[in-house]
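Visitor: One structure is given below, represented as structure tokens, and several questions about it will come after.
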Amino acid sequence: MDKISFGKIGELIAEKFLIANNYKILQKNVYFREGELDIVAFEIIKQEIVFVEVKTRSSDLFGEPEESVTYEKKIKTLKAAIKFLNLAREIH
């Protein structure tokens, strides 16, 4: 299985997990010049928008998934999240 297909399986697992835990999926794979958002979800009970970075691993041999999210990736995700919120505000 190639890397992209494997990543899509991880996103599907994350999506099902979120739905089972009181989240509504708003959008998936949102691309901006600033960065990409894997999943944008709404936490129904707390009424919060959540931006989810999905990292799929077949083992922890090379570390945990969260260890592969670099500082640069965090900054890009933050910028993309701000862009998403600004666009959503303009629409409403």
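Visitor: Using the basic label-point model (7 angstrom from Cα toward the beta carbon), what is the K46 to I91 distance in nanometres?
Guide: Calculated label separation equals 2.3 nm.
Visitor: If you don't mind, another one. Considering only protein heavy atoms and a probe of 1.4 Å, how much of the accessible area of the chain is carbon and sulfur, as a whole percent?
Guide: 58
Visitor: Per residue, how much accessible surface does the chain expose to a 1.4 Å probe? Answer in Å², no decimals.
Guide: About 76 Å² of surface per residue is accessible.
Visitor: Relative to the longest principal axis of the C-alpha atoms of the chain, give the angle of the C-alpha long axis of helix 71-91, reported between 0 and 90° and rounded to the nearest 10°.
Guide: 30
Visitor: While we're here: What's the center-to-center distance, using Cα atoms, between segment 20-46 and segment 59-92 in Å?
Guide: Rounded to whole Å, the Cα centres lie 11 Å apart.
Visitor: Also, I was wondering about something else. Could you name the lysines whose alpha carbon sits less than 22 Å from that of K74, not counting residues in the same chain fewer than 8 places away?
Guide: Candidates past the 8-residue exclusion: K3, K8, K28, K55, K83.
Visitor: Right, next: Could you size up the charge dipole of segment 1-52 around its Cα centre, putting +1 on the beta carbon of Lys and Arg and -1 on that of Asp and Glu, and report it in debye to the nearest 20?
Guide: The dipole of segment 1-52 has a size of about 120 debye.
Visitor: Another question, then. Using Cα-Cα distances under 8 Å and only pairs 6 or more residues apart, what relative contact order does the chain have, in percent?
Guide: 24
Visitor: So if each residue of separation counts as 0.36 nm, and I subtract the Cα-Cα distance between E34 and Y71, what length gain in nm does that give?
Guide: 11.9 nm
Visitor: About the Cα centre of the chain, how large is the charge dipole given +1 on each Lys and Arg Cβ and -1 on each Asp and Glu Cβ? Please answer in debye to the nearest 20.
Guide: Rounded to the nearest 20 debye, it is 280 debye.
The values are calculated or read from the model by the stated rules, or taken from the named source; none is laboratory data. Values in this document were obtained by computation on a predicted structure and should not be read as measured data. Backbone-built Cβ (ideal geometry, glycine too); neighbour counts: all protein chains shown. Side chains are part of the model used for accessible areas, which takes the heavy atoms of the whole protein and leaves out ligands, DNA and RNA. Shrake-Rupley method; radii C 1.70, N 1.55, O 1.52, S 1.80 Å.
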